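Colleague: Please read through the structure below; I'll follow up with questions.
The values are calculated or read from the model by the stated rules, or taken from the named source; none is laboratory data. Note that this is a predicted model, so its numbers are computed, not measured. We place every Cβ from the backbone using ideal geometry, glycine too, and count neighbours over all the protein chains shown. Please note that ligands, DNA and RNA were not included when accessible areas were found on the heavy atoms of the full protein model with its side chains. Shrake-Rupley method; radii C 1.70, N 1.55, O 1.52, S 1.80 Å.
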Amino acid sequence: MENTVTREQIRQALCRRHTEAVQEKLSAACVAVAGLGGLGSHIAVFLARIGVGHLHLVDFDRVDLTNLNRQQYRLCHLGRYKAEALREELLELNPYLHITADCVKVDEENLKELFTGEEIICEAFDRPEQKAMLANGILEYFPEKKLVAASGMAGFGGSNRIRTRKITKNFYLCGDQESEALPGAGLMAPRVALCAAHQANAAVSLILGREPD
């Protein structure tokens, strides 16, 4: 179906919910999401829905059937690059957002070049070594940028254990920092989405000049 909603109509609808002053800051913000699985795909959707104007999606992976238990993809996306599929999904929510999709694997060599343009980086990788690599790189190359990372969101209980903590001046960590994916208590949509919501909410707080809590 052809889109007949204008940019101004969407802006006005967002302003009615958020106020003009808040929406102006959200629309001007630039946020990168590194990793587009259970965490990252939800973070991106949350930020797109509230009109964060500039999103940078980074993931080298393709959509697999096992991803559908917790990630923002559908059967029609199987085999496609996550960054490209998610970009299309987000533009269906708001076609006037500026969304860059990079289908690349973040490593120590390309990290500095990839994240030069964003004020806030949300880390959403699966593996601890990837998380550490991104965190160390951002803190080294871009100490002035805000980093919102995650650790511990597996299983299906303990919702209130998911928290947002300030680690250093510009480094925030969401999750319970304990739970690991185990047989019978793996990565499941509700608890992963809880952690993703914490990360997105932390990013919003930072955009609006408030300390995440």
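Colleague: Using amide H atoms built 1.01 Å from N in the peptide plane, name the residues 5+ places from Gly53, or on other chains, whose amide H lies under 5 Å from its own.
Modeller: Answer set, sorted by chain and number: Ser27, Ala28, Ala29.
Colleague: Give me the percent of accessible area attributable to carbon and sulfur for the chain, probe 1.4 angstrom.
Modeller: Heavy-atom surface of the chain belonging to carbon and sulfur, 1.4 Å probe: 51 percent.
Colleague: Going by average Cβ neighbours within 10 Å, how do the peptides 63-73, 163-173 rank, with the highest at the top?
Modeller: 63-73, 163-173
Colleague: Given H placed on each backbone N at 1.01 Å, which residues far from Cys122 in sequence or on other chains put an amide H within less than 5 Å of it?
Modeller: It is Ala32, Val33, Ala34, Val148, by chain and number.
Colleague: In the structure displayed, which of Lys25/Lys82; Lys25/Lys105; Lys131/Lys169; Lys145/Lys166; Lys82/Lys169 lie more than 23 Å apart, Cα to Cα?
Modeller: Long pairs (Cα-Cα over 23 Å): Lys25/Lys82; Lys25/Lys105; Lys82/Lys169.
Colleague: Between rounded, prolate and oblate, where does the chain land on the alpha carbon gyration tensor, with a ≥ b ≥ c its root eigenvalues, rounded for a/c under 1.5, else prolate if a/b exceeds b/c?
Modeller: Rounded is the answer for the chain, as its axis ratio a/c remains below 1.5.
Colleague: Mean Kyte-Doolittle of at least 1.0 plus a Cα span of 27 Å or more along the axis: flag which DSSP H helices in the chain meet both, please.
Modeller: Sorted by number, there is nothing, because no helix extends far enough and scores high enough.
Colleague: Accessible area per residue of the chain at 1.4 Å probe, in Å²?
Modeller: 52
Colleague: Next question. Just from its helices, what would the mean residue ellipticity at 222 nm be for the chain, if runs of 4 or more DSSP H residues each count -39500 (n - 2.57) and the sum is divided by every residue, rounded to the nearest 500 deg cm²/dmol?
Modeller: The helix-only estimate for the chain comes to -12000 deg cm²/dmol at 222 nm.
Colleague: Taking the Cα centre of each part, how many Å lie between segment 87-105 and segment 139-173?
Modeller: 24
Colleague: Can you tell me, using C-alpha contacts under 8 Å and at least 6 residues apart, the relative contact order of the chain as a whole percent?
Modeller: 21
Colleague: Which ³J(HN,Hα) values in Hz, rounded to whole numbers, follow from the phi angles of segment 94-104 under the Karplus curve 6.51 cos²θ - 1.76 cosθ + 1.60, where θ = phi - 60° and Gly and Pro get x?
Modeller: 8, x, 9, 6, 9, 10, 9, 10, 10, 8, 9
Colleague: Another one. Could you grab the relative contact order for segment 75-188? Cα pairs under 8 Å, six or more apart, rounded to a whole percent.
Modeller: Once divided by the residue count of segment 75-188, the mean separation gives 19 percent.
Colleague: Using modelled amide H (1.01 Å from N, peptide plane; none on Pro or chain starts), what sits under 5 Å from the amide H of Asn94, excluding residues fewer than 5 places away?
Modeller: Result for Asn94 returns nothing.
Colleague: Looking at the chain, which longest stretch skips every one of the GluC sites (Glu not before Pro) that is in a DSSP loop with at most 15 other Cβ atoms within 10 Å, leaving the sites themselves out?
Modeller: Answer - 3-107.
Colleague: Work out, in µm²/s and without decimals, the Stokes-Einstein translational diffusion coefficient of segment 61-180 at 37 °C, 0.692 mPa s, Rh from Kirkwood over C-alpha pairs.
Modeller: Roughly 204 µm²/s, to the nearest whole number.
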